[in-house]
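First the structure, in the form of structure tokens, and then the observations on it.
The values are calculated or read from the model by the stated rules, or taken from the named source; none is laboratory data. Treat the numbers as computed from the prediction; the structure is a model and nothing was measured. Cβ atoms come from the backbone with ideal geometry, glycine included; neighbour counts cover every protein chain shown.
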Amino acid sequence: MKIGTCVSLDSMEGISERLGVLKENGFDSCQLVAWNPSIWTDENAETLRKILAEYGITVSAFWCGWEGPKVWDFYDGQQTLGLVPPEYRQMRIQNLCDGADFAHKLGITDVVSHMGFIPENPYDPNFNSFCIAVRTVAQHLKENNQFLLFETGQETPVTLLRCFETVGTDNLGINLDTANLILYGKANPVDALDVFGKYVRNLHAKDGCYPTNGHDLGVETRLGEGKVDFKGVFVKLHELGYDSYVTIEREISGKQQLEDILAARDYLQEIIFEVYGGTSC
């Protein structure tokens, strides 16, 4: 099991330095987080491929953003995030397909995104049209032998499972964000694995607390200071046969971010060693 971090790819400027810091701190894998379609060019793919090879870094997944507004709360988030809002859907289908093609040039098979607040009601007309949009993207990725991963959080586990069953392609997967299920008040990650565990292909190790009002997400914390039962998560993942990437995500900036990431790595290594034994970390 490889522990890595998220690395921003919103600009090619400084990407070598960002990957260098990753390597200097003992990591050899990452997720590339990309919200800027203008840099998804053949030239940049070639440059990035060389830098990754130079540092010996494996990219576990390409986190693909999309254009248009995005508000991370329970009100405006319903109307702005992912493929759910019909007015942004066609543009974002194209964004996800373009991002996947860029990732394919880098040899990356897993493409991750937030898909939005999927309707809980299967009879909501927007549920079926959303699933058609997902199927369009998934079929495009299938041509590249890629998987489309939903990052958890904005939907309940059973809604996510229902979506997968409705879309019906065999290249859908999950990027389990351990904190998001809690931050959005949808579930806890241990129990969620009982519902969709077989679909997990990647993991964001993140911690946080439940919401305390009906408008705003809960607060993210350092690993070990929130409500995520990481030992429970890894016990369940081990039972499911998961032995792949663990990507630390800490959504702050500056010196504290790196300090928290390094502390998270040590925290996770102890738990993974305890659960998996000495061969998986």
Exercise. Given the conditions (1) under 21 Å from GLU13 (Cβ atoms); (2) of a type in the set (Phe, Trp, Tyr); (3) surrounded by fewer than 21 Cβ atoms within 10 Å (Cβ to Cβ), which single one is not true for PHE74?
Worked result: (1)
Exercise. Any idea which of VAL71, VAL21, VAL59, VAL84 is touching a helix residue (DSSP H, G or I) at 6+ places or on another chain (Cβ under 8 Å), β-branched (Val, Ile, Thr) and without any contact (Cβ under 8 Å) to a residue 24 or more places away in the chain?
Worked result: VAL71
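Would you confirm, using the coordinates I've provided, whether ASP73 is of a type in the set (Asp, Glu) and touching a strand residue (DSSP E or B) at 6+ places or on another chain (Cβ under 7 Å)? Reasoning before the result, please.
On the way: of a type in the set (Asp, Glu): yes; touching a strand residue (DSSP E or B) at 6+ places or on another chain (Cβ under 7 Å): no.
Taking the combined requirement at face value, the residue does not satisfy it.
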Exercise. Could you say which residue among GLU151, GLU143, GLU155 is among the acidic types (Asp, Glu) and in contact with a His (Cβ under 6 Å, 6 or more places away or on another chain)?
Worked result: GLU151
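Scan GLY99, GLY4 and give me the residue that is closer than 21 Å to ASN144 by Cα, at pLDDT 95 or above, of a type outside the set (S, T, N, Q) and crowded, with 20+ Cβ neighbours inside 10 Å.
Values: GLY4 fails: closer than 21 Å to ASN144 by Cα.
The match here is GLY99.
Looking at the structure I just gave you, is PHE27 more than 19 Å from THR109 (Cβ to Cβ), of a type outside the set (Lys, Arg) and either in contact with a Gly (Cβ under 9 Å, 6 or more places away or on another chain) or surrounded by 14 or more Cβ atoms within 10 Å (Cβ to Cβ) (or both)?
Details: more than 19 Å from THR109 (Cβ to Cβ): yes; of a type outside the set (Lys, Arg): yes; either in contact with a Gly (Cβ under 9 Å, 6 or more places away or on another chain) or surrounded by 14 or more Cβ atoms within 10 Å (Cβ to Cβ) (or both): yes.
The answer is yes for PHE27.
Hey, does the stretch 182-200 have a residue that's of a type in the set (D, E, K, R), within 26 Å of ALA103 (Cβ to Cβ) and surrounded by 22 or more Cβ atoms within 10 Å (Cβ to Cβ)?
From the stretch 182-200, those of a type in the set (D, E, K, R) are 186, 191, 194, 198; that's our starting set.
Filter again for within 26 Å of ALA103 (Cβ to Cβ), leaving 198.
Now restrict to residues that are surrounded by 22 or more Cβ atoms within 10 Å (Cβ to Cβ): none.
No, the stretch 182-200 contains no residue that is of a type in the set (D, E, K, R), within 26 Å of ALA103 (Cβ to Cβ) and surrounded by 22 or more Cβ atoms within 10 Å (Cβ to Cβ).
Can you tell me how many residues within the stretch 102-129 are within 19 Å of the chain's Cα centre (by Cα), of a type outside the set (A, V, I, L, M) and either modelled with pLDDT under 95 or at negative phi (or both)?
The number of residues fulfilling the criteria is 7.
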Exercise. Within the stretch 107-115, can one find any residue that is of a type in the set (Gly, Ala, Ser) and over 22 Å from SER29 (Cβ atoms)?
Worked result: no
Seminar exercise, completed: Exactly one of GLU87, GLU46, GLU54 is out of contact with any Cys (no Cβ under 8 Å at 6 or more places or on another chain), surrounded by fewer than 23 Cβ atoms within 10 Å (Cβ to Cβ) and over 26 Å from TYR245 (Cβ atoms), and that residue is GLU87
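Anything in the stretch 107-154 that is among the polar types (S, T, N, Q) and in a helix (DSSP H, G or I)? List them, or say none. Don't jump to the end; show me each part of the working.
Narrowing the stretch 107-154 to residues among the polar types (S, T, N, Q): 109, 113, 121, 126, 128-129, 136, 139, 144-146, 152, 154.
If the condition is that a residue be among the polar types (S, T, N, Q) and in a helix (DSSP H, G or I), then ASN126, ASN128, SER129, THR136, GLN139 are the ones that fit.
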Problem set entry | Cβ-Cβ under 7 Å pairs, at least 6 apart or on other chains, the stretch 91-111 side farther than 13 Å from THR41 by Cβ, far side in a helix (DSSP H, G or I) and of a type in the set (Ser, Thr, Tyr) | ILE93/THR136
